[in-house]
Amino acid sequence: MRTYHVTTFGCQMNEHDSERMRGMLDSLGYEEVAEREDAALILFNTCSIREAADNRFLAHLGQAKRLKSDDPTRVVGVGGCWAQSVKEEVFRRFPFVDVAFGPGQIHRLAEFLTADSIDAHGRFLMRDAGREPECAQGAQGARAEAGRGYFEFEGFAGHLPMKRAREFQAWLQISQGCNCVCSYCIVPSTRGREQSRPPGELLAEVERLAADGVLEVTLLGQNVNAYGRDLPRDERVTFAELLRAVDAIPGIRRIRYTSPHPKDIREDVIRAHAECEALCEHIHLPLQSGSSRILKAMRRTYNRERYLDRVAQIREHVPDCALTTDIIVGFPGESEEDFQATLDVVSEVAYDSAYTFVYSPRRGTEAAELPDQVPHPVKVERMERLVALVQERARERAERFVGRAMEVLVEGPSRTDPARLRGRTTHNKTVNFDGTAEPGDIVEVEITAATSMTLNGQERLLSRVG
Ligand code: SAH
Ligand code: SF4
Ligand code: F3S
């Protein structure tokens, strides 16, 4: 049996893509193993959103190099956004890498691994599509072939077989790529132009998932609100219409999505939250900065007022809706006053949680070339103040749940105490609780305490709701 191991970095889109890689490998007769050192095929699904993501991956790749020098029959594959951003350069810098592919080429992995590209010893022969193997510069012993790279967008990973991490939760890739031009962001160059999958195909997939026991689906796209705009007129539906159609599918108890862009989220989507039973009371609305001047330099195309209007609209229609966000600290030219404007928005909105990032210049992006890069110590000091405020507000917000009975989808044992259980509310709050439920159950939990990150509670007996 050929064995494989996948390490995933980055966002939910990469989690999704890795599930498709696993599904494809399983269908080719490969077996997944828990430890990288036990794998004949070592795969990485990479991210390049910040320098730290690159570095984390490169440290892991170092281990793969050592494993491969111990056993040169192993195959090392690198997929995802980092691979896409460096393309063929990967083979020059890391000659032990056999195969590299971008996010639009995941299905090509199968091509490498079909019978005639692997010899009797499990060695990878690099023969594909009638092309002769290329010779690497600086041959490495018996394995002198160069790696093969695939980087043109060819198709959605969403068509491939999937292997889900939990049987009752699934990702649904509704679009690929991004047409925005946020000046700090590498994603448009790694994932390409936006392409929506046709609604009929998506709804058929959700129906199959529901029949297969899935209770929660998370719709994925870089800018979900732009969904459908590129589809032919006779197929075109809006994102709000798609949400309503998914909500109508029996068996789907929870619908989540990520991420909407504040410039595009409209009242129809907000109303869907108020009206669709399965649509969760949570919106992730990336702020990035509270300063209109910085938002302009980021090319986010909304300003502080417009963002706050959206928040007011959400609070009007769905008063209890959890709001979460992404914030970048230390974008080029960010003054203390600009940063203060971010703190003001955080204080005013009072997010249920926020992902905070130190700005990281990315190759090929507009912002990397801007003057006035903020010195690292200033970024770090601002980050500390931001995190303290985020946590304070999140803790205050979480207090509203104490004393309430909340519907929780059980995910497994608590990470801190395996004798207890862990699950999530529709607000996407993690709850650690005492109870007897099983993963995949939906139960009522009485909330007894709250921190900025998690809730604590007790399962209500005879409360099983699903
Ligand atoms: N498409 C999604 C998410 C993009 S990446 C969206 O627009 O919401 C996730 C987050 O990473 C972004 O929201 C942003 O806050 C952060 N990010 C992106 N590029 C960055 C960079 N160069 N430095 C620091 N953070 C960055
Ligand atoms: Fe990047 Fe902006 Fe697109 Fe999000 S919307 S992926 S931040 S370019
Ligand atoms: Fe990273 Fe690509 Fe996602 S750069 S954040 S894996 S879209």
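Here the helices (runs of 4 or more DSSP H) wholly within the range 169-259 that include at least 2 residues being closer than 30 Å to Gln373 by Cβ and in contact (Cβ under 8 Å) with a residue 24 or more places away in the chain are 187-191.
Consider Arg92 carefully, then state whether it is touching a residue at least 40 places away in the same chain (Cβ under 8 Å), exposed (fewer than 15 other Cβ atoms within 10 Å of the Cβ) and either more than 14 Å from ligand 3 (Cβ to nearest atom) or of a type outside the set (S, T, N, Q) (or both). Yes. Residues in the range 1-51 that are of a type in the set (A, V, I, L, M, F, W, C) and either without any contact (Cβ under 8 Å) to a residue 12 or more places away in the chain or touching a Leu at 6+ places or on another chain (Cβ under 9 Å) (or both): Val6, Cys11, Met13, Met21, Met24, Leu25, Leu28, Ala39, Leu41, Ile42, Leu43, Phe44. So, Leu209, is that one away from ligand 1 (no atom under 16 Å from the Cβ), closer than 30 Å to Arg300 by Cβ and open to solvent by less than 30 Å² (accessible area, probe 1.4 Å) or not? The answer is no for Leu209. For Glu31, the conditions (1) open to solvent by 60 Å² or more (accessible area, probe 1.4 Å); (2) within 16 Å of ligand 3 (Cβ to nearest atom); (3) not polar (S, T, N, Q) are fulfilled apart from (2). Restricted to the range 2-86, the set of strands (runs of 3 or more DSSP E) holding at least 3 residues that are closer than 19 Å to Gly149 by Cβ and away from ligand 2 (no atom under 16 Å from the Cβ) comprises 41-46, 75-80. Counting the residues of the range 305-319 that are within 12 Å of Glu267 (Cβ to Cβ), surrounded by fewer than 17 Cβ atoms within 10 Å (Cβ to Cβ) and in contact (Cβ under 8 Å) with a residue 40 or more places away in the chain gives 2. Counting the residues of the range 275-304 that are open to solvent by 30 Å² or more (accessible area, probe 1.4 Å) and either closer than 18 Å to Ser259 by Cβ or under 23 Å from the mean Cα position of the chain (by Cα) (or both) gives 4.
Only one entry in Arg415, Arg397, Arg422, Arg382 is in a helix (DSSP H, G or I) and out of contact with any helix residue (DSSP H, G or I) (no Cβ under 6 Å at 6 or more places or on another chain), namely Arg397. Residues in the range 187-203 that are among the acidic types (Asp, Glu) and within 16 Å of ligand 3 (Cβ to nearest atom): 1 in all.
Looking at Val6, Val78, Val86 in this structure, which one is farther than 30 Å from Tyr257 by Cβ and of a type in the set (A, V, I, L, M, F, W, C)? One residue alone meets the criteria, Val86. Could you run through the range 87-112 and say how many residues are outside any loop (DSSP other than H, G, I, E, B) and either at positive phi or within 16 Å of ligand 1 (Cβ to nearest atom) (or both)? Qualifying residue count, the range 87-112: 0.
The residues on offer are Gly423, Gly457, and the sole one that is without any contact (Cβ under 8 Å) to a residue 24 or more places away in the chain and within 27 Å of Val390 (Cβ to Cβ) is Gly423. Number of residues in the range 152-179 that are surrounded by fewer than 18 Cβ atoms within 10 Å (Cβ to Cβ) and hydrophobic (A, V, I, L, M, F, W, C) equals 2.
Assess whether Leu370 counts as being within 16 Å of ligand 1 (Cβ to nearest atom) and over 25 Å from the mean Cα position of the chain (by Cα). Against the criterion (within 16 Å of ligand 1 (Cβ to nearest atom) and over 25 Å from the mean Cα position of the chain (by Cα)), Leu370 qualifies.
Contact annotation: residue pairs with Cβ atoms under 8 Å, 6 or more positions apart or on different chains, pairing a residue in the range 344-368 that is open to solvent by 40 Å² or more (accessible area, probe 1.4 Å) with a partner that is modelled with pLDDT of 95 or more and among the acidic types (Asp, Glu), are Tyr355/Asp326; Phe357/Asp326; Pro361/Glu51.
The values are calculated or read from the model by the stated rules, or taken from the named source; none is laboratory data. The structure displayed is predicted, hence computed values, not measured ones. Note that we place each Cβ from the backbone using ideal geometry, even for glycine, and neighbour counts take in every protein chain shown. Accessible surface is based on the protein model in full, side chains and every heavy atom, while ligands, DNA and RNA are left aside. Shrake-Rupley method; radii C 1.70, N 1.55, O 1.52, S 1.80 Å.
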